[in-house]
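The next block holds one structure in the form of C-alpha cells; read it before the comments.
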Amino acid sequence: MPQVLTAPPATRRPAASLLRPRRFLWLTAALLPLCALLMLLLDQPLARFCHAQLRAAEPFFSAFTAATDRAYEVGMKTRLLHLPALLLTLGLLYAVGRWRLNQPRAAVFLVVLLTHLASVGTSNVLKGVVRRLRPEVLFSTGYPDLGFRYLHAAHADSFPSTHTATYFSLFVPLVLAFPRLRGPLLVLPVLIGLGRLVMGAHYLSDVLFSVWLVAAYTCLFGQLLRWPWLTGEEMPAALAS
C-alpha cells in the first residue's frame, strides 16, 4: 500500500520579543549618557533657544496637544464595566484576537496595555521624587542650578515627561510589531514630544528619558510574546526540534 504522508503535529514555539534585550542595551548605552550630558550642560541652553526661536510654532503645538489630551481623557474617563474605555478596549482587542480570531500578533495589545500603565505610573512617581523645575520657571524668575530637588516649589514636576510617556507607550509597541506602519504610528507621539520642548513644558532630557522608560517596559513586557499560551502561535514539530 502506498505510504500516506501526514503533516507533523503542531507544537508551540516562542515568538520573538518586540524589542530584543541586546537592542535595548544599545539604546540604553546611547540614551542614558545623553540624558546625563543634557542635564549637566545642554538642557538649559536648548530650552532658551526653543523659547527664543520657536515661539511661532507654540500655538500649533498647544492646540495639537490640547486636542490629543481631550481625546485621551475621553478614553480614560469613559467607563465600561467600571473600567476606563481605552484600557478595556486594549484588553478586548487582545482577548478577541487571541482566543476568537487566533491571531498571535494580537498579544501586542496586551503589551501596549501593560507598557502604558507601567510607563505612566513610573513617570508620575519619578516626578514626585526628582522635583525638577520646568523650563517656564527658568524663563520667568530663573534659578541658579540644574533645577533638581525643589521639594516645595511650584512647577517642580518637569522630569520625566508624562505626556511623552503616555503617548509613546501607546504607540511604540505597535511600531515594533508593525514596522511597515512606523511612519504613521510615530507621528502623534513625536509631535507630542516636540511640543513639550517648544512650549517650554520640559527639557530635552525629560523627553528622552521618558522615551527610554517606554522602551524599557516595551522590552520587559514584550518578552510575553515568547509565551505560546499567551499568543497561541504554533509551528510544525519538525521545525521546532
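Every number here is computed from the coordinates shown, using simple stated rules; none is lab data. If you're wondering where the values come from, they're calculated on a predicted model, not measured in any experiment. All Cβ positions, even for glycine, are placed from backbone atoms using ideal geometry, and neighbour counts span all protein chains on display.
Listed values, structure above:
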read-out: Most mobile listed residue (Phe209, Phe139, Phe168) in the chain, GNM with C-alpha springs under 10 Å; value: Phe139
read-out: Gaussian network model of the chain, springs between alpha carbon atoms under 10 Å - residue of Thr65, Thr89, Thr78 with greatest fluctuation; value: Thr78
read-out: Lys, Arg +1 and Asp, Glu -1 on Cβ, resulting dipole of region 75-202 about Cα centre, debye, nearest 20; value: 380 debye
read-out: Helix-only [θ]222 nm of the chain, DSSP H runs n ≥ 4, -39500 (n - 2.57) each, per residue, nearest 500; value: -20000 deg cm²/dmol
